[in-house]
Each structure stands twice: as structure tokens, then as C-alpha cells.
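The values are calculated or read from the model by the stated rules, or taken from the named source; none is laboratory data. Worth saying up front: this structure is predicted, and the values here are computed from it rather than measured. Positions of Cβ are backbone-derived with ideal geometry, glycine not excepted, and every protein chain shown enters the neighbour counts. With ligands, DNA and RNA removed, areas are computed over all heavy atoms of the protein, side chains included. Shrake-Rupley method; radii C 1.70, N 1.55, O 1.52, S 1.80 Å.
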Amino acid sequence: TKRSTRDGQILDVSMSVASIYDDEEHNIGNVVIVRDETQRQKMEDDLRKTKDEYIQLFNASVDAIVRYDAQGFVQYLNPAFTQLFGWTFEELKGKRVDFVPEEVLEDTLELVNKMKLRESISNFPTLRLTKDGRKINVALSTASIADEEGNNIGNVVIFRDETERKKAEIALQKAISEKAANQLKSKFLANMSHEIRTPMNGIMGMAGLMMDTSLDDDQLDYMKIIRSSSDALLSIINDILDFSKIEAGKMDMEMLDFDLRRSLDEIINIPAVASREKGLELCYEINPEVPALIVGDPGRLRQIIINLLNNAIKFTSEGEIVLRVSLKEESDTHVLLHFIVKDTGIGISKKDISGLFQTFHQVDTSTTRKYGGTGLGLAICKQIVGLMKGEIGAESKLGKGTQFWFTASFKKQDQAEEKVCLGLDEIKDKRVLVVDDNKTNLKILIKYIENWGLICDSAWNAEMAITMINAAKKYDAQYDVLISDYNMPKMDGGELGRHIKTDPDTKDMIMIILSSRGIRGDAAKMKEIGFSGYLTKPVSRRDLLDCIIMSLSPEQDSDIKKKDIVTRYKISDDKKKNFRVLLAEDNIVNQKLALKLIEKWGASADAVANGLEAIESLKLMPYDLVLMDVQMPEMGGLEATVEIRSPQSNVMNSKVPIVAMTARAMKGDKQMCLDAGMDDYITKPVNPDKLYELLNDYLEKLK
């Protein structure tokens, strides 16, 4: 109850009353005992408040907490326990909870014994079962509860959910294992690449050289089979290596200055052979607004375009294949280019289009499928396009052909100015007649010629061309140049040329013929007819312009029979005569092959067997280029390059361009060569076209 003090303070008190009796049992008074309960009540209130606070903390904890009595029965559990394990307090109150999996039962009994001895446990990793039978990873901590005499009256156990941490730990362990595995795989693939590419270099290169010698029909067929089989094997090896780089996330992009127009001129020549063998028309067009001088990875761009063109050739039996490049977006520093490869082949169904860019996807997966391939090419292309900040796709109709497209972003070269071709002023306003039965090719040629400032008319067959030539003659507006396709129906380009040369009024017309055949001896036949130039399709924009300028040159002898006919080889042959190459290669077969290829290209070359000999040769003679193998006895290519670059080397030119020519083709190999002081890198088996492209690049730099 409550009582007031003299000064008016209200106190909490407890009262006891006792009656007083006399001998006759009469009540003669009472004794009242008043005890001040203020402090005790305050202590009880504080205790109650503290208990409420602890319960609030208990309930607010994100960790699951359960209180057991000394016998292991549940006295209380918090909401987090229900959320983690599924049981409610009402379900477990006064009961034991059976949630220990068999595999951790022994460890748990040990923990119980420690708890009885009032030993604390902190973050012990273990397993527990949920109400629905799932096993989860938890970290267990305990605290004992004792009474005033120190007797154990219960325990509090805290369970922390370790599922996400365990997942992260497993993921980390997996990543470490995968990294180790990828390192071993990369090392293995690098060794295998070197071991496979070295003999393949000899097989492919010698087969190519043999095909250029005098062979009978059977021998030529055998060599073609060897070459095509080697090409197929190398393509598979390259796909597997690229796929391994994608898996490891190690496919890198280079940032190099390059000339897009020149690169495409060289790229298109690789699939051109296969298209000619199938009798297909292969055309390509680069819109004039596309900048030529850009920064990016020309090797990876080449890989995408060749893959798409080869696919188009593979799935097209008649008609044409067209590569187009246009400008999609442009800023002050970058361009986004749009590439299209369109064919007139078998087409692809809507169902198969959706999976085209998936790994190992093939439209025809039957064991008897007509068209081969690993199913990796387009998946690799998609990865490369993504690294170029672009997109890739396809549209097709069965039986109507397919159009693949992709976009790619490139940086513009700083302060880059495209070279103006010498001789353009001399040919400006000349009148040109273009004849071609292929409408696509005709449009491309017209666009090129008009862009150079020439006046251009067109005809789609020889008969129409003759009519136009006669009309021009009648109105005294004769054509200066005829550019004619060779393979046309009814009257071909050769017959058209004969007709023009037999007419006294047109016999002095300059004639250039374009052929899809590329048959040995055709150029000589065309020269005999009176043609000034002979180019094989697809015709590069640069070669066509050079051919027109050279054919119209007043320095040429006016007698067409005495002039050398202008071919794409003659255009560049004169530039190569004084170019000298040093080859460092210890493998005799590869040495012979490289020397033959360089000789065939038109330059002279000397060979040495190791890096020491290369250094000695460079002390004696000024070379324009060094092709350096990396792995050689006595001194390898990397060590030799470091020595050559040293000012104390005593070589005649310590800055001579050095190109690694190696069977090592894995990530980091090229950078290792560049770090040693090399200028470039080409892999074995050496593709003659890639080697010639590289030689042309250094020939241009020398000028």
C-alpha cells in the first residue's frame, strides 16, 4: 500500500498488523509494522524493465536464439528461429527440438557436454535441419545461465545462418580451382598449339607451293585435298583455342592503327578462291563516307568477316555473296560501322535462326549432315563483336538466302588524313563504260568510278555495250576506257574486246577485264586480244584505280601488243625488288617454306638458324625486316631481340622491324614478344595471305 510522510512524500510500504490481548482475552490494542518498500519496488521495476528490454533485443535479433532449461527443454525462442528453421514457439514450448542431422550428431553431443560444464562455444560451424527437412549451414554459439548459487539452470544457444557465406566460400574455392585448372589448360593448349602448328606450317605451306608447279590433273587434285584438309584442321584448332580463351574470360582486343579499306582489300582475297571454285560472284563495297584510318583490332575484325563469308560460300551453290560496309554513327572521336554479308544460298528457318550464335550450335545436327563445322564460329564472332561494343544478328528465308550483319565501334586515328591517290587529276573527266551482267557488282563499280571523278555509263551485257559504243562514236563522245566482266552469257568479255579492237574507230580504247576465273594463262590471252589490264574478282577499289591510272599513263608504249598487261601483281611488283628480309628459323622445313613464300612475294631473303646468327647477319648487312622464330637453340628470338635493340649490339640498324613468326598462339604470347622489343607477331602455320599482308604493311612503312 502507500503512505505519506510528514513532508508529503508518498512511499510504497508493506504493513503487518498484530492484536494485543489481556489475560481475559480482551483486545487491548494493536501493533502495526510498516516496512518501506520503495527500494524493493524500484528494483523489481528495474528488473521488469530490463527483462522487457532483453526480450525486445531477443526478438529483434537477426540470429536465431533459443533458451533451454537444464534438461534441454525449450523455454523460449525468438522469431528469427521460426524464420530460419520453421518451428514456432507454441510448437516447441516445453519440448526438445530434434533437428540435428546424423552426420553431425557426434559433434553435437560433445557440444552438449561442454555446455553442461558451462563452457562457452563461439561460432562453431555445423549443420541443422529445418522443419521441412532441409539441411542448412549454421554457426553455433552458446552461453550458460546460472542461479544465485552458481548452479546451471539452462542455456541460450544462438544459430547464425551461414548459407550465403558457405555459398560464397564454395564459389571462391571453385574460382580458385577453375583458375588453377585454366592455367594448366592454357599451358597445355599453348604447348599443343606449338606442337601442332609447327608441322602443319610445313604441310600447308609446301602444299600451296606445290600447287603452283607443273602438276598433272590427278596430282593437282591430291594437293588440293591435302591443302583443304589442312585448312579445315587449322580452322578447328583455332576455334578450340578461341573458345578456351572465351571460357577463361581472356579474349583480349588490341588497339592498333590500321587502314580499314586496305585491310578489307586483303581480307576479301582469302575467301575469293573458294567462291571462284564454286562459280559464285563475290562482291564487296565500302561506302565513301566510311573513314579508312581507324583504331581497333584488325585481326579480330578479319576473323569475323572471314567466318561470315566462308559460311556464306559454304551454304551457297549459285548466285552471289556481297559484303557491304557503311557508317552507322559518328562522333568527333569514334565511329560505329555496320557490316553486312548477304548471300543467295539455302537460307535458314526461323526456328534455327534463334540459336545461331549459341556455342556448338549447328543447323543440321544429323550424323549424315552435308555441311561440316565445329559450331563454334558464330559463337566466337558474337563474343568478339561484344568486345567491339557492337551487336550481331541474322535474317533469312528458306531458299531465299541469308543476311548476317554486325556493328563494331572504332576510334578515329588522331590527326589522320587519308592519302590522295597520285594520278587522279590526270584521269578526271575520262569517259568510262562498265559492262557486267551482275547488277550488284555493276552498281559497286559505278559508285567507285564516279567517286574518282570519272564519267561513267553502264551496260549489263556485251550487246548493249556495243550499241552504246556505237552511239557514243556517232555523237563524237567516245569512251576512253572499257571495264568489262569476263564471264557473261552469249558474248563474253574477251569477245567484246576483239570486237572493239577490230573496229578502226575504237581500236585505241583502253580496255580492262575483270575475271572471276583466275585461270593461269588468261592474262596472256587478254593481252593478245588488246586488253591493258587484267584483274581477278573481287576487285579491290585500290587495285582498280591503280590499274586505270597505269593503263592510261602516257608513259606506256602506244602499241598495246608491246606493253605489259597491268595485273594486281604488276601494280605492286616494282615496289618489292629492293626489299630485303632476314629469316631466323631453326626448323629446316619451315625455313625452306618461308624463303619460298618471300621469294614468291617478290623480295629477297637470307636465312639463319638461331638468334646468335641473326645478330651477326645484322652486323654485316642492312635488312628491311627480320622474321624471328621464338624458340630456337643457342639463343631464342626473345633474347636475340633484346640484344639487337641494345645500343651496344653493334648491328647496323638497332631499330630494324622484327616480327615474331611463332607457333605459340596463346594469351600473353604476343605481348611477351612486344615487351622484348618486337614490332609485330604472326602465328604458324603461316598463312601466305597473312604473311604477304604483313610484308606489304612493312613495305609501305619503308616508303
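Inter-part distance, segment 463-490 to segment 432-458, computed on C-alpha centroids, equals 13 Å.
Quick check: from the Cα gyration tensor, does segment 588-703 come out rounded (a/c under 1.5), prolate or oblate? Before the final figure, lay out each step's value.
On the way: a/c = 1.35, a/b = 1.15, b/c = 1.18.
Rounded, since a/c falls under 1.5.
Relative to one another, the C-alpha centroids of segment 61-102 and segment 626-688 are positioned 71 Å apart. For the listed residue pairs K351/K397; K655/K701; K473/K527; K596/K670, the alpha carbons are over 21 angstrom apart in K473/K527; K596/K670.
How much of the accessible area of segment 479-549, in percent, comes from carbon and sulfur atoms when a 1.4 Å probe is used? Don't skip to the answer; put the middle values down first.
Details: 1370 of 2750 Å².
So the carbon and sulfur contribution to the accessible surface is 50 percent.
The label point for S19 and the one for L674, both projected 7 Å from the Cα toward the Cβ, are 11.3 nm apart. Which of the three applies to segment 579-648, rounded, prolate or oblate, going by the alpha-carbon gyration tensor with a ≥ b ≥ c and a/c under 1.5 meaning rounded? Because a/c hits 1.5 or more and a/b fails to exceed b/c, segment 579-648 counts as oblate. Working ranking of peptides 622-629, 347-354, 263-270 by packing, defined as the average number of other Cβ atoms within 10 Å per residue, highest first, is 622-629, 263-270, 347-354.
Listed by chain and number, the aspartates and glutamates whose alpha-carbon sits under 12 Å from that of K474, ignoring those within fewer than 8 places in the same chain, are D505.
Determine the shape class of segment 73-162: with a ≥ b ≥ c the square roots of the Cα gyration tensor eigenvalues, call it rounded for a/c under 1.5, and otherwise prolate if a/b is greater than b/c, oblate otherwise. It is oblate, given that a/c is not under 1.5 and a/b is not larger than b/c. Modelled label positions at I121 and E391, each set 7 Å beyond Cα in the direction of Cβ, lie 5.8 nm from each other. In terms of packing, defined here as the mean over residues of other Cβ atoms within 10 angstrom, the peptides 544-550, 633-639, 101-107 line up highest first as 544-550, 633-639, 101-107.
Comparing G72, F89, F124 along the charge dipole axis of segment 63-141, the residue lying farthest to the positive side is F89, per the Cβ-charge model. Here's the list of aspartates and glutamates a cross-link from K501 could span, going by alpha-carbon distance under 20 Å and ignoring same-chain residues fewer than 8 apart: D436, D457, E463, D476, D480, D485, D492, D522, E528, D557, D559, D564.
Where does the charge balance sit around G390 when Lys and Arg score +1, Asp and Glu -1, over other residues with C-beta under 14 Å from its C-beta? Walk me through the intermediate numbers first.
Numbers: positive: R300, K328, K382, K389, K411; negative: D297, E329, E391.
Local charge sum for G390: +2.
If you count, for each residue, the other Cβ atoms within 10 Å and average over each peptide, how do 378-390, 65-77, 123-135 line up from highest to lowest? Don't skip to the end; give the middle numbers.
Details: 378-390: 19.6, 65-77: 16.8, 123-135: 13.8.
The packing order, highest mean first, is 378-390, 65-77, 123-135.
Using only side-chain charges placed at the Cβ, +1 for Lys and Arg and -1 for Asp and Glu, the dipole size of segment 585-703 relative to its Cα centre rounds to 240 debye. Reachable aspartates and glutamates from K114, Cα under 16 Å, same-chain residues fewer than 8 places away excluded? Output for K114: D69, E106.
Among the protein heavy atoms of segment 587-677, carbon and sulfur supply 53% of the accessible surface, probe 1.4 Å, non-protein parts ignored.
Segment 1-37 and segment 578-593 have Cα centres separated by 124 Å.
Computed from label points 7 Å out along Cα-Cβ, the spacing between S61 and I176 is 3.1 nm.
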